[in-house]
Amino acid sequence: MTTAHVTVDPDLCIGSAECVRILPSGFQIDEARGVSVPQPPASSADVDVLADVVRSCPTGAVRVVDAHGNAL
Amino acid sequence: MSDDGLLTEFTATIELDRYEDIRAALFDPNLSRSFDKRSYEDGNIRSGIVSIAHGATHRARRRVENTQFRADVLRLYERELFPKVMNDLLDVLIDSERVDLFPIGELLSVVLAARRAGIEYDASSLDDLRTLVRHVDAFSQGAAILDAKDPAAVRALVREAYAEFERQFVRPAAATRGALIERLRRGETAEDELPHDILTVLLLHREDPHMELADDARIVREVATYLQGGTHTSAQTLVNALDLVFATGDAHPVIIGRIAEDTLFAQRVVQETLRLRPTTPKMKRRAEADTEIAGRRVPKDALVVLDIVAANQDPRLFGAQPDQFDPDRAIDASVQRWGLSFGGGPHQCPGRAVGGGFPVPADFHADADHVFGLVALELQAVARRGVRPDPSAAPERDMRTARFTRWLHYPVRFDASRGSALRT
């Protein structure tokens, strides 16, 4: 299994929850702070799905670096 | 506290001016944007809107409304819809060598802001757009009422604007969308077929008690908030950007040339402008409960003033001479080029990427998915048309507010020979 490093920048996230919609097991909204927080299953998710998450974030807050060190 | 339970005076005033402290305050769930209802909420744009809602209502609204800020829609707007709309409008609005840029900026921005808000209007009608801009001006004064010099006059103006806005723009749109929602509930259409806008999702979810939207007037105010937020800040930022560029004196033609040639540079100019000229130079919060920020005790009902201008000029984070306009400046990796101008935490401006785009990559190379933001496109469009200062007419700041970043009029000149032919 490949492992990706998934982060959400809390200073950029507006809590639109696009990431939650695309990968519900991989992200959760922290309601008190209004931002998305990656969950452990995100790092082992399908790379194409993670790339979709990155592309769909409306603020560029999600970053994914794959097992080879490449940013998606 | 008054007899009716409204806050009439603060227990303390605490001003924060360090970047880290302000960031901590913005994320502190004990600090709200709810103030004295009589001076702040009642009868103006702030009454019951998402910007000042707190707790469950705020979360419910944001959960629904933020879905309308989608990356694919941002890209569609800035790559396909907006360039044509913008250039067609500029062809009409730049009708002489000398024009006032501020209303032009508002007219450019209101087209898409109205679309996202979900109101009924004719995007090709200058009359409709000018009427909307007039309302936006009233709503903007309402939004800044804490800094208004004549709050009573502002409240009266905003009440009148709401009534007209509701009748002409919101009610027709609500009727259309209400009928579509009825069809959805009868299983005759899919949710994806509904318009993608704020009014639609408010009507779709208004029965959720946490939304607190039973009152039609609240929906009108919420829609107006998005119209105003999407219009006024963009127009002010466009003007502030040019004001900073022109203030460079002899260097300004070179900077205008770079803006015209390089969209990512135009975006850096916009984000540098946002850092130096935040729409809300001093944000205010109220402590809903005793809390502590950066080691300072903040008692319940304290007013907390966040000096965004000072935070955005921290030399440790934004480099030497942080008060200077330098779109190419190197910044610390932990901060954004716009500093804290969009706020942070649960109340962060949801339309930040619409106007300002995504963060500019540190190596100044944008990938194919990059979002530049609409203001950068507006700035580039006027740069390509040869915008320059008007030496015979002075710009006029908006003196109705204490906010130094607001303009009423900004006369500029354009090269008569450079018009739409320079479009790309």
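Since every read-out is calculated from the coordinates, none of them should be taken as a lab result. This one's a predicted model, so the numbers in the text were calculated from it and none came from an experiment. Note that we place each Cβ from the backbone using ideal geometry, even for glycine, and neighbour counts take in every protein chain shown.
What residues qualify as long-range amide H neighbours of B:Thr189, i.e. H under 5 Å apart, gap of 5 or more or another chain, H built at 1.01 Å from N?
B:Leu184
According to a simple spin-label model (label point 7 Å from Cα along Cα-to-Cβ), what is the distance in nm between A:Asp48 and B:Asp415?
4.9 nm
Would you mind getting me the FRET efficiency between B:Asp215 and B:Val254? Use the beta-carbon distance for r and R0 = 45 Å, nearest 0.05.
0.25
Per residue of B:49-61, how many C-beta atoms from partner chains lie within 10 Å of its own C-beta, taken as a mean?
1
Would you mind telling me which residue in B:Asp208, B:Asp367, B:Asp21 has the biggest mean-square fluctuation in a Gaussian network model of chain B, where springs connect alpha carbons within a distance under 10 angstrom?
B:Asp367
Using only the alpha-carbon atoms of region A:5-64 as identical scatterers, what base-10 log of I(q)/I(0) does the Debye formula give at q = 0.13 Å⁻¹?
Summing over Cα pairs of region A:5-64 leads to -0.25.
Which three semi-axes in whole Å describe the equivalent ellipsoid of region B:126-166, each the square root of 5 times a Cα gyration tensor eigenvalue, listed largest first?
Computed over region B:126-166, the values are 20, 10, 6 Å.
Just want to confirm a number: the relative contact order over chain B, from Cα pairs under 8 angstrom separated by 6+ residues, in percent.
The normalised contact order for chain B reaches 26 percent.
When only Cα pairs under 8 Å and 6 or more residues apart are kept, what is the percent relative contact order across region B:151-308?
About 12 percent, as a whole number.
Using a Debye calculation, one point per C-alpha and no hydration shell, please list log10 I(q)/I(0) for chain B at q = 0.07, 0.11 Å⁻¹ in order.
Reported log10 I(q)/I(0), two decimals: -0.33, -0.85.
May I ask you to list, by number, the DSSP H helices of chain B whose Cα span along the axis is at least 30 Å and whose average Kyte-Doolittle hydropathy reaches -1.0 or more?
Sorted by number, the helices that extend far enough and score high enough are B:216-246.
Work out from phi, with θ = phi - 60° and the Karplus expression 6.51 cos²θ - 1.76 cosθ + 1.60, the ³J(HN,Hα) of each residue of region A:6-12, listed in order in whole Hz, and give x for Gly and Pro.
Per-residue couplings from phi come out as 10, 9, 10, 6, x, 7, 9 Hz.
Would you tally the net charge around B:Tyr19, using a Cβ to Cβ cut-off of less than 13 Å, leaving B:Tyr19 out, and scoring K and R as +1, D and E as -1?
-3
Tell me the angle of helix A:47-56 to the major Cα principal axis of chain A, expressed in degrees between 0 and 90 and rounded to the nearest ten.
Result, in degrees: 30.
Taking every eigenvalue of the Cα gyration tensor of region B:117-256, multiplying by 5 and rooting it, what semi-axes result, largest first, whole Å?
With the √(5λ) rule applied to region B:117-256, the semi-axes are 34, 20, 14 Å.
Within a Cβ distance under 10 Å of B:Gly230, other residues only, what is the Lys/Arg minus Asp/Glu net charge?
+2
Just the projected area, averaged over all directions, of the convex hull on the alpha carbon atoms of region B:222-354: how many nm²?
9.7 nm²
Remind me, relative contact order of region A:5-64 in percent, using alpha carbon pairs under 8 angstrom and six or more residues apart?
44 percent.
Using every Cα-Cα pair within region B:274-349, state what percent have a distance larger than 15 Å.
More than 15 Å apart: 60 percent of the Cα pairs in region B:274-349.
If you wrap region B:49-132's Cα atoms in a convex hull and average its projection over all directions, what's the area in nm²?
6.9 nm²
Using a cut-off of 11 Å between beta-carbons, work out the net charge of the residues near B:Pro350 (Lys and Arg +1, Asp and Glu -1, B:Pro350 not included).
+3
Consider all pairwise Cα distances in the protein assembly as shown and report the whole-number % of them above 30 Å.
Considering the protein assembly as shown, 47 percent of its Cα-Cα pairs are separated by more than 30 Å.
Give me the Kirkwood hydrodynamic radius of region B:95-186, using the inverse of the mean 1/r over all pairs of distinct Cα atoms, in Å to one decimal.
This gives a value of 14.9 Å.
Rounded to whole Å and ordered largest first, report the semi-axes of the equivalent ellipsoid of region B:188-239 derived from its Cα gyration tensor (root of 5λ).
26, 16, 7
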